[in-house]
Amino acid sequence: GVDLQVCTSENPTCCTKKMEERYQTAAKQDIQQVLQTSSATLKFLISRNAAAYQETFEMLIRLAENYTSTLFCNTYRSMAAEAIVHVQKFFTDAGLFLFGTDVSTEEFVNRFFDTLFPVVYNHVINPRPTGISLEYAECLRVVRRDIRPFGNIPEKAIGQMGRSLLPSRTFLQALNLGIEVINTTDHPHFSKACSRALLRMQYCPHCQGLMLSKPCMGYCLNTIRGCLADVAEVDLHWRGYIQSLEELSGALSGAHGVEHVLLNFHSLVHDALVQARISGPELLEQVNKMCGPPVRKPKQSPGCYFDQNKDNQGLKMFSRESEEMLATEESTWEFISHLRLYRAFYGGLVDQLCGNELAAADGLPCWNGEDVIRSYTHRVVGSGIKAQSANPEVQVKGTDPVISQIIDKLKHVIQV
């Protein structure tokens, strides 16, 4: 073919323009394949742990909800049916918060105690066989924060929930971002200059019948560093990301850990109810002042419809799973120490690709883009965008907006 764009040569060539185009596609696919292979173990490590944390958090929320519902069924049976509705809503909100929805812990803890107060008023503070009207219940909800029927328990719960749920939520978000970073860098956008350089490096020797020759190490480094200049920029932020995860993992365990706080929430609720019963007479007086005497309406009091057997199965399952999964501090520690091995993943990526997969071994004849020679004579440039201005093999212009975006996300999660 006389109209070759890249694989031109002094010698006769066995390529046509059509073959050259197909080789160009193949060269890009090859590099993507090699990139995906090199990140596969890291990606699996993060996604497996993200799934395990998510599953454990879901289990903890279910279990904590069961504990709290059981408290009402066993100790406050008359109001259990009404209270359990609010318990379910509370733990739904806690789950939404953990998995990234924009609700505040303060808001949903306060909402729980606001909605619980009318139920407690009607069954503990001023118990009657009749119910209270919706308007009266609304007044009780509104005044709850002023008359503080539960003492300082709601504030205590807000503090505990914030301290325990926020690190867990951030940890989970960070793991999911880690997967996104790898997916993004596994599929880089190759410029025209890069695509041609990859073709020249990998398939142009075929056009001269040199089917087995591999590129020289220096030549490979220059070509791939040029093509992955953007990806190399992720290195610094990836290191910071892993360090931040390491620091954050310390906040996941102990007395402020999500497991401890969620599974002990029922005892806070118990304390709150005891507090309301003790201060009953003063509360009655304050409520009368602020809402007037109660407006009553007839009511049926349904029994406790909560299935406690489910709870016990859940417990057995959980204690078994928590040994295998993350609820143990060791597995978080183990995950982080595995992850630490990948701190320099992006910094060493090109060397790994050329060294393990693409380039000829040292001392063997190798391809330099034009011919098979003993060794590559051009200067080998460093990693990252700035270093590419001196790259003899690939011209690099500007940064890839997709990579810039993923770097911004890493910076943000490190700050969080």
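The values are calculated or read from the model by the stated rules, or taken from the named source; none is laboratory data. Values in this document were obtained by computation on a predicted structure and should not be read as measured data. Cβ coordinates were reconstructed from backbone atoms using ideal geometry, including for glycine residues, and neighbour counts include every protein chain displayed. Heavy atoms of the whole protein, side chains included, go into the accessibility calculation; ligands, DNA and RNA do not. Shrake-Rupley method; radii C 1.70, N 1.55, O 1.52, S 1.80 Å.
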Checklist line | Folded to 0 to 90 degrees: helix 401-415 orientation relative to the chain principal axis, Cα | finding: 40
Notebook entry, point to check: So how tilted is helix 280-291 from the main axis of the chain? Cα-based, degrees 0 to 90, rounded to 10.
Noted result: 80
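Give me the number: length gained by fully extending Asn152 to Leu284, i.e. 0.36 nm times residue separation minus the C-alpha to C-alpha distance, one decimal in nm.
That works out to 45.7 nm of additional length.
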Next item on the list: Hey, can you grab everything whose amide H is under 5 Å from the amide H of Gly131? Only 5+ residues off in sequence or another chain; H modelled, so Pro and N-termini drop out.
Entry: Lys297, Lys299
Next item on the list: With springs connecting C-alpha atoms under 10 Å apart, model the chain as a Gaussian network and identify which of Thr16, Thr68, Thr184 has the largest mean-square fluctuation.
Entry: Thr16
Notebook entry, point to check: Who wins for biggest fluctuation among Val85, Val181, Val380 in a Gaussian network model of the chain, springs between alpha carbons below 10 Å?
Noted result: Val85
Notebook entry, point to check: Under a 1.4 Å probe, what is the accessible area of the chain per residue, stated in Å²?
Noted result: 49
Margin query: Return the equivalent ellipsoid semi-axes of the chain as a descending list in whole Å, where each equals the square root of 5 times an eigenvalue of the C-alpha gyration tensor.
Written below: 67, 19, 18
Note to self: If each DSSP helix of 4+ residues adds -39,500 (n - 2.57) and the sum is divided by the residues in the chain, what number results at 222 nm, nearest 500 deg cm²/dmol?
What the structure shows: -21500 deg cm²/dmol
Check: At a Förster distance of 22 Å, what's the computed FRET efficiency of Val295 paired with His270, Cβ-Cβ distance as r, to 0.05?
Finding: 0.15
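Carbon and sulfur together cover what percent of the accessible area of the chain at a 1.4 Å probe radius?
With neighbouring chains kept in place, the figure for the chain is 52 percent.
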Next item on the list: Using a 10 angstrom cutoff on alpha carbons, build the Gaussian network for the chain and name the most mobile of Met211, Met79, Met201.
Entry: Met211
Next item on the list: Enter the angle in degrees (range 0 to 90, nearest 10) between the Cα long axis of helix 153-186 and the first principal axis of the Cα atoms of the chain, meaning the one along which they spread out most.
Entry: 20
Checklist line | Given Lys192/Lys214; Lys28/Lys386; Lys28/Lys411; Lys28/Lys192, the pairs whose alpha carbons are separated by over 18 Å | finding: Lys192/Lys214; Lys28/Lys386; Lys28/Lys411
